[in-house]
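The values are calculated or read from the model by the stated rules, or taken from the named source; none is laboratory data. Bear in mind the structure is a predicted one, so any value in this text is a computation, not a measurement. Glycine also receives a Cβ, built like all others from the backbone with ideal geometry; neighbour counts cover every protein chain displayed. What goes into the accessible areas is simple: the full protein's heavy atoms, side chains included, and nothing from ligands, DNA or RNA. Shrake-Rupley method; radii C 1.70, N 1.55, O 1.52, S 1.80 Å.
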Amino acid sequence: MAAPEIVGSELVDSLHPLEPRADALEVPKASVRRFWNRASCGEVYAKGDDFAEQMHLAERTRYSLEPYIRKFADFESAKDRDVLEVGVGMGCDHLQWARSHPRRLCGVDLTPRAIEFASRHLALHGFDSELEVADAENLPFEDEAFDLVYSFGVLHHSPNTPRAIRQVHRVLRPGGVARIMIYHRASLTGLMLWARYALLAGRPFRSLDDVYAHHLESPGTKAYSVREARELFRDFSSVRIHIQLNHGDLLEGAVGQRHRGALLSLARKLWPRGLIRRTLGRLGLYLMIEAIR
């Protein structure tokens, strides 16, 4: 497949030469694509005898485990607006955007697998969208093309996350809103991974960034502090950030598939979820960011 023509990227980067963090793991984008093309995010929950049943269960499980998505996304706000989702995955959120009847709905993903999932998922319910395989760091859209850009748990996987966020800014109209979730470094999930792959592995000086890059989802996955997130979104006129505990922090659902073992099994049984919800909200894995251009 030929690479799409990039509109405006070179100008944006020349004006804002912010580079990826120096300590980030340098990972070819092809490695990230291969990882997610083996299984889209949430595919573990897509059980059933046919595609319709699989998608129904994936959607139901997603919003059961992560009910805060609906409030954060505010899908109803898409009505009569031009909307872009970056990283459509299996299309669960993309279907909600379609149900809200936007004027124009577009979605991109790095993998053909996700684009096929999302296209079939929408078609099941009589909807369609402008879906295509594309790179978050090089969005194939004109400047100021959208009123709303949404991306949930995607941009921290891109090798050059700052460039991806600059692209979001570029394709938004003045006054447009970006709703983006990226990972929070100081999280319970990160601390659990560090305990297993640094402390218990006899490498106590191993950084959280290195642990995230090698042991949380695709190669090179990054996490950020609130201060770093504000720097990433510095070009926006207004930025609001909320830290959210997720099902990984609470050891719920199918989390921990890559890290099976007796210690994890015991932790899942004894984990004080109620206490964590009441007292450790600042250690959530998700940074929920709403930014106005």
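Some points to look at:
- Computed extension gain for Glu26 through Leu124, at 0.36 nm per residue and net of the alpha carbon distance, reaches 31.4 nm.
- Candidates Ala78, Ala30, Ala136, ranked by Gaussian network fluctuation over the chain, Cα under 10 Å, top entry: Ala30
- Model label points for Arg60 and Ala39, set 7 angstrom from Cα along the Cα-to-Cβ axis, are 2.1 nm apart.
- On segment 56-118, 50 percent of the accessible area sits on carbon and sulfur atoms, based on a 1.4 Å probe.
- Once both labels are positioned 7 Å from their Cα atoms along Cα-to-Cβ, the gap between Arg227 and Leu263 label points is 3.0 nm.
- Across the chain, the longest run free of exposed loop sites, meaning GluC sites (Glu not before Pro) lying outside DSSP classes H, G, I, E and B with no more than 12 other Cβ atoms within 10 Å, spans 143-293.
- Sites Leu191 and Glu53, calculated FRET efficiency, Cβ-Cβ separation with R0 41 Å, nearest 0.05: 0.65
- Per residue, the chain exposes an accessible area of 47 Å² to a 1.4 Å probe, with every protein chain left in place.
- Gain on full stretching of the segment that runs from Lys71 to Glu132 - 0.36 nm per residue minus C-alpha separation: 19.3 nm
- For Ile243 and Glu144, the difference between the fully extended length at 0.36 nm per residue and the C-alpha to C-alpha distance is 32.8 nm.
- Per-residue 3J(HN,Hα) values for segment 64-77, derived from phi via the Karplus relation 6.51 cos²θ - 1.76 cosθ + 1.60 with θ = phi - 60°, read 6, 6, 10, x, 5, 4, 4, 5, 5, 5, 6, 4, 4, 5 Hz in sequence order (x marks Gly and Pro).
- Anchor Lys222: lysines whose Cα lies under 24 Å away (excluding residues fewer than 8 positions away in-chain): Lys29
- The charge dipole of the chain, taken about its Cα centre with unit charges on the Cβ of Lys, Arg, Asp and Glu (plus for the first two, minus for the last two), comes to roughly 1480 debye.
- Taking the charge dipole of the chain about its Cα centre, with +1 at Lys and Arg Cβ atoms and -1 at Asp and Glu Cβ atoms, the residue from Met55, Tyr224, Ala262 reaching farthest to the positive side is Ala262.
- Cα-based Rg of the chain normalised by 2.2 N^0.38 Å, two decimals: 0.98
- Distance from the alpha carbon centroid of segment 66-84 to that of segment 178-237 works out to 26 angstrom.
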